[in-house]
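See structure below.
Coordinate-derived values only; no laboratory data. In this text the structure is predicted, and so the values were computed from the model without any measurement. No Cβ is skipped: glycine too gets one built from the backbone with ideal geometry, and neighbour counts run over all protein chains shown.
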Amino acid sequence: MGIVIGRLIVVGIREHKAKKELEKQLAEDEAQLQAGIKEGKFKVYTHNVRLDAVDKQPGEQPWPFRKNGVIDSILAHDTIPTLVGLQEVLLRQLLDIDSGLGSEWTYIGVGRDDGKREGEFAPIFYKPAEWDKGWDADHNRIVTVGEFKHKASGKTVVYYNTHFDHLGQLARVNSAKQIIELVNKNNATAVIGGDFNSEPKSETYETLSQSFADTALASALKKGPKFTSTTFDKTTTETRIDYIWVTHDIQVLESEVLSSQTKGFLFSDHRPVQAVLQL
């Protein structure tokens, strides 16, 4: 019995020591995280949620079944001050997402058809507790823009959330040039995210890459799948058309393509993309 009790005591001491070491490591990790946030660490999350269309794609679930996956993914990855850019959001979807995220969140953005409530939105969601919003603007059918001050560090970033045309190659190239002009005109640290409907070998991608850094390439730490655009029934070849671009004064710490899987189906035909950045 004495030997057994002695062994139990030794095991107990080891477990206690391991617990203390884990608690110490967690405390150090949290301190490091908070220090990074104070210096301007933040996250950008972009996602084409797929509009609530009358005509469904093969394998597509109705929006009431998909919406929780969209909302839960945003909340699950909101671990540091985050700016969330969404695309293909109709008004009823916008209201669902706004309600699901809760009162801590708010957004900017208007419907592209009438500049108010009609057509698709490209909203930017953020938490006022983490960000002070300066000016904002909507350029019809091109981009939603907002200037945000990172409260913890006092640094400012301008976020451009966009959705390029899916049919016209010339339209996409011209949109890229217009965004470059806007960024140059504002002359500020900037993030450009969204669905560009353009693969890496396209003229649109090449145009943007001459002015900005693709976070998926600039990051030393890459996670998740390579491709961002899928179909609901996974019958079409996957592509990479969703990006987060940054001006060269932003440090890219991490890039990740996330899962769009929930409860046995996809909550969008695009995977969310996120990047951890340092101002």
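For this structure, a couple of remarks:
- In the chain, the longest principal axis of the Cα atoms and the axis of helix 2-38 are about 30 degrees apart.
- Highest-first arrangement of 182-194, 106-118, where packing means the average Cβ count within 10 Å: 182-194, 106-118
- Pairs with C-alpha atoms separated by more than 29 Å, drawn from the list Lys41/Lys201; Lys185/Lys223; Lys67/Lys116; Lys155/Lys177, are Lys41/Lys201; Lys185/Lys223.
- When the Cα positions of His270, Leu75, Phe196 are compared along the charge dipole of the chain, Leu75 comes out farthest toward the positive end, with charges on each C-beta of Lys, Arg, Asp and Glu.
- The magnitude of the dipole of the chain, with charges of +1 and -1 set on the Cβ of Lys/Arg and Asp/Glu and taken from the Cα centre, is near 840 debye.
- Potential extension, Thr106-Lys151 segment - 0.36 nm per residue separation minus Cα distance: 14.6 nm
- For the chain, the alpha-carbon coordinates run over 82, 44, 39 Å along the three principal axes, in decreasing order.
- Extension gain, Ser209-Arg117: 0.36 nm per intervening residue step, less the Cα-Cα distance, totals 29.8 nm.
- Cα centroid separation, segment 91-127 to segment 248-270 (Å): 20 Å
- Among beta bridges that DSSP assigns inside the chain, antiparallel share in %, nearest 5: 75 percent
- If you plug the beta carbon distance of Thr236 and Lys38 into 1/(1 + (r/R0)^6) with R0 = 35 Å, you get a FRET efficiency near 0.20.
- Amide hydrogen neighbours beyond the local backbone of Thr156, cut-off 5 Å, H modeled: His150
- Summary of packing: across the peptides 268-277, 88-97, 130-139, the per-residue average of other C-beta atoms within 10 Å ranks them, highest first, as 268-277, 88-97, 130-139.
- Note on Leu95 and Ile80: their simple-model spin labels are 3.7 nm apart, each label 7 Å out from Cα toward Cβ.
- Distance in nm between pseudo-label sites at Asn68 and Lys222 (7 Å out along the Cβ direction from Cα): 3.5 nm
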